[in-house]
Amino acid sequence: MGLFRSFSHSAPNRVLLSVFFGVLAGVIYALLIPLTLSGLHALPPSLSVIDEKTISVLGVAVSNYRLAFLFAMSIALILCFTSISEILLIHVGIDFARTLRKDIYHKISLLSIVDLERLGLARITTLLTTDVMQVIQGAKTIPTIVISMVTVMGMMFYLYVVNNEIVFFIMKAIAFGVLTYQIPIYFSRHYLVKTRNQVDELRNFNIALVRGAKELKLDRAKRGYFHQNILNAVEDNIARNEKKGQTILAIAVNYGDLLSFFVIGFTMFIFGNYHAITVQEQIAVIMTLLYITAPISVIINNVHNVTLAAISMKKIKEIISVMPAESTIGSDGTLMPWQEMTFSDVAYKYVAHDQDAVFSVGPVNFTLRRGELVYIVGGNGCGKSTLAKLITQHYLPSQGLITVDGQAVDDSNRDAVRQHIGCIYSDYHLFDSLLIASDKSGLEIDGYLKSLGLSHKVSIESGVFSTTSLSDGQRKRLALLTVLLDNKDIYLFDEWAADQDPEFKRIFYEKILPEMKQRGKTVVVITHDDHYFHLADRVFRMDSGMMTPLR
């Protein structure tokens, strides 16, 4: 089983021990029926009469004390072995979930930005939450299934000793039941897989519902269409498929639960007419079948969890298989102190799957020099943000060459180049801490907070922000503080000032940027604020993916 193989790979010794103790518990479970029947046969004719085999234990009369002691020890051992088995696997399950998520975290960090954008937030979130947890829930049922299977096999052996002819019939009946049980399971799995495949789509729409709330409130017709034709439609499809899958699964489970009673009825009313079987053997068979009804039900009922876990495990493997590590990760290239970064005939094309190129930038030719302030302007959709990701080495050129002081930027040194760049993108993310210890003094940090108008809103203790629940403009100012503390060589700001009031725009353009330039920083600013163009060393315009110098 792929699920068990993946699960046991994380801690093979503990899983083996868990299965071993589960097998022991199952064997002892199987011995309880013979012990029970032996105890019944050992009882005196009248329950009120105590024979010489009866002893008093703590004032309680116990018949056939040796058998009673063995029975009590069996119960104690079952409790001990099942607890050990389940506890071991619970710990393995927790460790497996942690390791699996960490592995996914690592693979996500190794993805190129292009691949990360292609996968999308919804698929990754579902992977880390729903899929991983369903795999763990399915894997945790393994000890219970093992114990139940060993119990059933042990009872089959006991029945073989009692009457070998009945055993062959029971085994045929179980085989028939298992095979016929798979038919509804197949159809149930089909619908449950369809349900799982739509969860990613639903999560995307959930994100849109929250992030697009302002837009939806402004247009009643669009809001109604989004709810009725998009969000609710997907919910209805998921509910429809899940109802079908769960309904078929419920019928299958109930069918499996009744298999033992079918065999009991056959034994009582039909089997004895064609095969020699004593009343005592019939009693033993019926008691045994009643006894194994529970473990058979456990096996059948847990098929649901195993089925969902297998679906999720397959989905995890599918997504991980399309998470190629970025070739630049792991390179040990270094970048010496530099003076200029040159873009020669650099172009980038975005190609959708199974479609022609839908957007392109370039070819562009320009040079960024150390200690230079460069503005890039242009309308929406002209390629400014794509160019920003080319400058910051997140998008690789489809053609052309990027060099640093004449040295080509390639997989061997691209990561080293990135370490010299600080950026605030238009879709930036603000972490709730500095992430690393800053070499800046507390007074310097307090000075930044004060100059950015945040000293009365935010404090920093041990590198952690007291809050990030701020206005859009304040959050961008806090993001600016973090990149300034990073002390990079190249800075890129994509529409940073768009959410700032006039005063902080003035501070940004007239104070912060010139100070960065004086410290030898190369600063690239994507902006629409044309009344500050005179402060730039050079200004470029982007139009339909092409860049031309304005001055």
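The values are calculated or read from the model by the stated rules, or taken from the named source; none is laboratory data. What you are looking at is a predicted structure, and each value in this text was computed from that prediction instead of being measured. As a convention, Cβ positions derive from the backbone with ideal geometry for all residues, glycine included, and neighbour counts pool all protein chains shown.
The table for this structure:
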item	result
Exclusive hit being closer than 15 Å to L373 by Cβ and surrounded by 20 or more Cβ atoms within 10 Å (Cβ to Cβ), set K517, K511, K521, K476	K521
Looking only at segment 2-18, and only at residues there that are in contact with a helix residue (DSSP H, G or I) (Cβ under 8 Å, 6 or more places away or on another chain) and modelled with pLDDT under 80, the one that is surrounded by the most Cβ atoms within 10 Å (Cβ to Cβ)	F7
Residues satisfying the stated conditions in segment 39-60, i.e. of a type outside the set (V, I, T) and modelled with pLDDT of 70 or more	L58
Hits in segment 224-264 - residues which are aromatic (F, W, Y) and crowded, with 18+ Cβ neighbours inside 10 Å	F226
Conditions (1) surrounded by 14 or more Cβ atoms within 10 Å (Cβ to Cβ); (2) free of Cβ contacts under 8 Å to residues at least 12 places away in the same chain; (3) of a type in the set (V, I, T): number failed by T267	(2)
Hey, I445 over 32 Å from the mean Cα position of the chain (by Cα) and within 18 Å of S344 (Cβ to Cβ) or not	no
Where A498 falls short, out of the listed (1) assigned to a helix (DSSP H, G or I); (2) in contact with a Leu (Cβ under 9 Å, 6 or more places away or on another chain); (3) within 28 Å of K349 (Cβ to Cβ)	(2)
Matching residues, segment 351-378, being loosely packed, with under 15 Cβ neighbours inside 10 Å and either modelled with pLDDT of 90 or more or assigned to a strand (DSSP E or B) (or both)	V351, A357, V358, F359, N365, T367, R369
Test: residue in segment 405-425 that is of a type in the set (F, W, Y) and closer than 26 Å to P502 by Cα	yes
Single condition G381 does not satisfy, out of (1) free of Cβ contacts under 8 Å to residues at least 60 places away in the same chain; (2) crowded, with 16+ Cβ neighbours inside 10 Å	(2)
Residue match in segment 318-339 (condition: among the small types (G, A, S) and assigned to a helix (DSSP H, G or I))	yes
Matching residues, segment 251-264, being farther than 15 Å from M171 by Cα and in contact (Cβ under 8 Å) with a residue 24 or more places away in the chain	I251, A252, V253, Y255, D257
Pairs where the first residue, in segment 386-414, is modelled with pLDDT of 90 or more and the second is among the acidic types (D, E) and surrounded by 20 or more Cβ atoms within 10 Å (Cβ to Cβ), C-beta under 8 Å, 6+ apart	A388/D494
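For every residue, the table says whether it meets (1) more than 17 Å from K476 (Cα to Cα); (2) part of a helix (DSSP H, G or I); (3) among the hydroxyl-bearing types (S, T, Y).
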position: I512; (1), (2), (3): no, yes, no
position: E515; (1), (2), (3): yes, yes, no
position: F533; (1), (2), (3): yes, yes, no
position: F540; (1), (2), (3): yes, no, no
